[in-house]
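Asker: Here it is: the structure, laid out below.
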Amino acid sequence: MAVDAADLAAPGAPPEPAYAPPPLPVPPYRRLVVGFARLRSLWQRWFLWLLLAILVLALLVTVVWLAGKHEVEQVQAALDRDTADAVTDLRSGLQRNAQSLRATQAPGPDRSHWPEAAAALLREHREWLRLEWRDARLRTLDAVDTPYRLHVLDPASRTAEQSDVSLACAAARKLGTPAYSPSHYVPLGGGGGMEVMELCVPMDTGGGFLVASYSLRDTLAELVGPTLTRGQEVAFTETDGTRLVAIGTARRVGTRVFTSQQLIDLPGAALMLRVDGWRSAPDLFPNVLTALVTAISIALVSVLVLLARDTRRRLRAERDLADSLAFRKAMEDSVITGLRARDLQGRITYVNPAFCEMVGFSAEELMAREANDAPYWPTELAHEYQQRQARRLAGGMPPREGFESVFMRKDGTRFPVLIFEAPLLNAQRVQTGWMSAFIDVSEQRRIEELSRASQERLQASARLATVGEMASLLSHELTQPLAAIASYATGSLNMLGPDARGEQGEVAMAVRRIAEQADRAGQVIRSVHDFVRRRDRTREAVAPQALIDAVLPLVRLQARKLGVIIEVVLEDRLPAAMCDRTLVEQVLLNLARNAMQAMDTADNIGNRVLRLRVARAVAVGGSGVDDARRWLEFSVADLGSGIGEEVAARLFTPFFTTRADGMGLGLSLCRTVVEQHGGALMFEPNRPRGTVFRFTLPAAA
Ligand code: ADP
């Protein structure tokens, strides 16, 4: 892709190279603030987690406690119920017993068959130890002992004065119903003893009593259901809690006691029934529900722990990701190479800041474009670029070493870029588009251009040196013949004499002209010789008019041939110019010749005017340092073809010419001469057409 030199040299300022400054160091107080903020957020997070854990734990403990309490209450209620049932059973059993005892009495004082009936009752009721028939004064009339025990109660002790029997019978007499005595301890042979309670039933007739002695232990065993004694202890106690007798299972170690006691209010006596139930409580998990709730809570806590660990890991991963993203972004932002990604349809999916800066469009503007259109494609090359893109999308691989292209900035200026393209592969190594890197090579091209120009200048200087040598040689070789021509002319003039008339006079005139031109040629050759040898010539004050007059005859010769009209304009009272007369004349002659040659075109016939003008210069000469000096400005204007941009760029380059017979040294020599005088040579377009060359010379003081 050829880069248009004109485009490269176009005025629009080239963009600053994309350069991202290194990040500024973070001041210590800022680091402190950031540190505090991090610490606070960390602390907040940990605090929340801790709060959650405490709440869950509190919930768990409450649930377990409530469930345990509920369980205990249930057990207690069941025990209370059982105890109440047992008390009812006992009462009704005792009542039945009293009735069956009462049923044994026969009407009248006849007690002949009572022992038999009593013995039958005793066989049925193991809880009774002895049945007695007593008269109204509590003397024992008849007595039968239980067949299950051997003389537990000593008949001798069972007198009318026996306090327990008398208490019970007193109550029975008073109430008119069967009554009981408080329990009393009856020692047995062999160290033991038993608690006994007396029942006294008043006889229907005769004022006697039937007395039954209850063994409290057997009463419990017989009248309380066996289910109650299973797994728990059932006891009779006094109202103050003193234990009298107990049956059932003994307490196991490590169990919890549930106690329930109820009063058995008997006529004449008050007894308490106490049931102690053993449960394997306090169990931490008294039932399935609690166990379930606990298991769920443990699972919940485990999930929380796992979640916390997961969150910590995720946070760390997020932080790592953010760090690497920030690093990647910083890299993309600070890189000076333009980066661009396109999808497989050719749409732009990513551009970095360097690329945006290079082309002058924002990322949004670039990505909003359709696939087959990019705002940085120069209009004249858009078609070619579209074809290139189509080839790429069809799978054509770009050259690995990159290729050069021209892009257009937003302001319309073009610039050369070096492009490297490569397929864009995703994590699965599948191509998802194209990635391109761009390097703005305008600066390189400018440097190359400069070095090429200086190379050319070097070559030109070398050739100029050769030309100088040749000119010096030529001047040396031509001096002799020119001197000979001059002396022959002088000789001829002398021979013709000063008063030659007619034809001789004309010949004399011609010979004089030959002498003049030979002399001029000699001077030119000497000037060139001196110029080439860089010998300082003495400057002299020359009137501008004299300089113009000196070149006019030669200019007119050519003007006549080309049909050019010559106009000479000189300001009034111009100062003299301080210059090397011959060289300045040569400059004027060169410029005038160039001007006339520029007007020698077919479209210019009848409109060929050469204007020579001398005026005071307002501005200073080329160096621009000496304002105090006065200056003269010489201008040579034509109505020729004008100078194009391309020619203008190389106008003063030695050996540059557009003419087949040209040497290309004229203008370069002119500039050297003018600059040696401290002046400047420049040119500009003439109105309505053509070119004006101006040069300045210092005026004589
Ligand atoms: P030469 O006359 O030998 O070509 P110059 O250095 O005098 O060398 O001129 C270089 C070129 O500059 C010419 O070939 C011509 O194209 C261009 N040039 C010089 N003067 C004019 C002018 N007045 N108008 C148009 N072109 C000019």
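Asker: Here are V275, V245, V288: which of them is modelled with pLDDT under 90 and at negative phi? Spell out the reasoning first.
Answerer: Numbers: V275 fails: modelled with pLDDT under 90; V245 fails: modelled with pLDDT under 90.
Exactly one residue qualifies, and that residue is V288.
Asker: Of all helices (runs of 4 or more DSSP H) completely enclosed by region 279-380, which ones contain at least 1 residues that are among the hydroxyl-bearing types (S, T, Y)?
Answerer: Passing ranges, in order: 288-334.
Asker: Let me ask something else. Among the residues of region 177-191, which ones are over 16 Å from E238 (Cβ atoms) and modelled with pLDDT of 85 or more?
Answerer: T177, P178, A179, V186, P187
Asker: I need every pair where a residue in region 193-220 that is farther than 24 Å from Y148 by Cβ and modelled with pLDDT under 90 has its Cβ under 8 Å from the Cβ of a residue that is among the charged types (D, E, K, R) and surrounded by fewer than 21 Cβ atoms within 10 Å (Cβ to Cβ), sequence separation at least 6 or different chains.
Answerer: If the second residue must be among the charged types (D, E, K, R) and surrounded by fewer than 21 Cβ atoms within 10 Å (Cβ to Cβ), the pairs left are D204/R102; G206/D135; G207/D135; G208/D135.
Asker: Test each condition in (1) surrounded by fewer than 16 Cβ atoms within 10 Å (Cβ to Cβ); (2) modelled with pLDDT of 80 or more; (3) not acidic (D, E) for L493 and report the one that comes out false.
Answerer: Looking at each condition in turn, L493 falls short on (1).
Asker: A follow-up question, please. Those residues that are out of contact with any Asp or Glu (no Cβ under 8 Å at 6 or more places or on another chain) and touching a residue at least 24 places away in the same chain (Cβ under 8 Å), I need them from region 379-394; list them, please.
Answerer: The answer is T379, L381, Q389, L393.
Asker: Hey, another quick one. Could you tell me whether F634 is within 8 Å of the ligand (Cβ to nearest atom) and modelled with pLDDT of 90 or more?
Answerer: no
Asker: Looking at region 676-692, I want the residues that are among the charged types (D, E, K, R) and have a partner that is within 10 Å of the ligand (Cβ to nearest atom) and outside any loop (DSSP other than H, G, I, E, B) with Cβ atoms under 8 Å, at least 6 apart or on another chain. Which pairs are those?
Answerer: E684/T691; E684/V692
Asker: Taking strands (runs of 3 or more DSSP E) that do not extend beyond region 124-205, which have at least 3 residues that are closer than 27 Å to D265 by Cβ and more than 60 Å from the chain's Cα centre (by Cα)?
Answerer: Hits in region 124-205: 128-134, 184-187, 193-202.
Asker: Among the listed residues L697, L639, which satisfies the condition of being more than 15 Å from the ligand (Cβ to nearest atom) and aliphatic (A, V, I, L, M)?
Answerer: When all the criteria are applied, what remains is L697.
Asker: Please find, among A550, A592, the residue that is within 14 Å of the ligand (Cβ to nearest atom), among the small types (G, A, S) and either surrounded by 15 or more Cβ atoms within 10 Å (Cβ to Cβ) or in a loop (DSSP other than H, G, I, E, B) (or both).
Answerer: Just a single option satisfies the conditions, and that option is A592.
Asker: Restricting the search to region 670-684, which residues are near the ligand (Cβ under 10 Å from one of its atoms) and in contact with a Ser or Thr (Cβ under 8 Å, 6 or more places away or on another chain)?
Answerer: Going through region 670-684, the residues near the ligand (Cβ under 10 Å from one of its atoms) turn out to be 670-671, 683.
Hit for region 670-684 is F683, nothing else.
Asker: When the residues of region 404-416 are narrowed to those that are touching a helix residue (DSSP H, G or I) at 6+ places or on another chain (Cβ under 9 Å) and touching a residue at least 60 places away in the same chain (Cβ under 8 Å), which ends up surrounded by the most Cβ atoms within 10 Å (Cβ to Cβ)?
Answerer: From region 404-416, those touching a helix residue (DSSP H, G or I) at 6+ places or on another chain (Cβ under 9 Å) are 405-410, 413-416; that's our starting set.
Adding the requirement that they be touching a residue at least 60 places away in the same chain (Cβ under 8 Å) leaves 405-406, 409, 413-416.
On the way: S405: 18, V406: 21, R409: 21, T413: 19, R414: 21, F415: 24, P416: 22.
In this case the residue turns out to be F415.
This table checks each residue for (1) touching a helix residue (DSSP H, G or I) at 6+ places or on another chain (Cβ under 7 Å); (2) under 30 Å from I247 (Cα atoms); (3) not in a loop (DSSP other than H, G, I, E, B).
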position: R31; (1), (2), (3): no, no, yes
position: L52; (1), (2), (3): yes, no, yes
position: T62; (1), (2), (3): no, no, yes
position: V75; (1), (2), (3): no, yes, yes
position: D82; (1), (2), (3): yes, yes, yes
position: Q99; (1), (2), (3): no, yes, yes
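Asker: Enumerate the pairs (first residue in region 640-658 and without any contact (Cβ under 8 Å) to a residue 40 or more places away in the chain; second residue anywhere and among the basic types (K, R) and within 6 Å of the ligand (Cβ to nearest atom)) with beta-carbon separation below 9 Å, excluding pairs fewer than 6 apart on the same chain, so at least 6 apart or on different chains.
Answerer: If the second residue must be among the basic types (K, R) and within 6 Å of the ligand (Cβ to nearest atom), no pairs are left.
Asker: Just one of the numbered conditions (1) more than 12 Å from the ligand (Cβ to nearest atom); (2) modelled with pLDDT of 90 or more is not true of E646; which one?
Answerer: Going through the list (1) more than 12 Å from the ligand (Cβ to nearest atom); (2) modelled with pLDDT of 90 or more, E646 breaks only (1).
Asker: Which condition number does L150 fail, the rest of (1) at positive phi; (2) free of Cβ contacts under 8 Å to residues at least 60 places away in the same chain; (3) not small (G, A, S) being met?
Answerer: Condition not satisfied by L150: (1).
Asker: Could you go through region 66-77 and let me know if any residue there is acidic (D, E) and either modelled with pLDDT of 80 or more or surrounded by 10 or more Cβ atoms within 10 Å (Cβ to Cβ) (or both).
Answerer: yes
Asker: Here's something else I'd like to know. If you take the residues in region 651-667 that are near the ligand (Cβ under 6 Å from one of its atoms) and small (G, A, S), which one is surrounded by the fewest Cβ atoms within 10 Å (Cβ to Cβ)?
Answerer: G662
Asker: Within region 184-229, track down each residue that is hydroxyl-bearing (S, T, Y), within 15 Å of I247 (Cβ to Cβ) and in contact with an Asp or Glu (Cβ under 7 Å, 6 or more places away or on another chain).
Answerer: Within region 184-229, Y214, S215, T219 qualify.
Asker: Identify the residue in region 417-445 that is charged (D, E, K, R) and surrounded by fewer than 14 Cβ atoms within 10 Å (Cβ to Cβ) and, among all such residues, is nearest to R650 (Cα to Cα).
Answerer: Only one residue fits best here, namely E443.
The values are calculated or read from the model by the stated rules, or taken from the named source; none is laboratory data. Everything numeric here is computed off the predicted structure, so don't read it as measured data. Cβ: placed from backbone, ideal geometry, glycine included. Neighbour counts: every protein chain shown.
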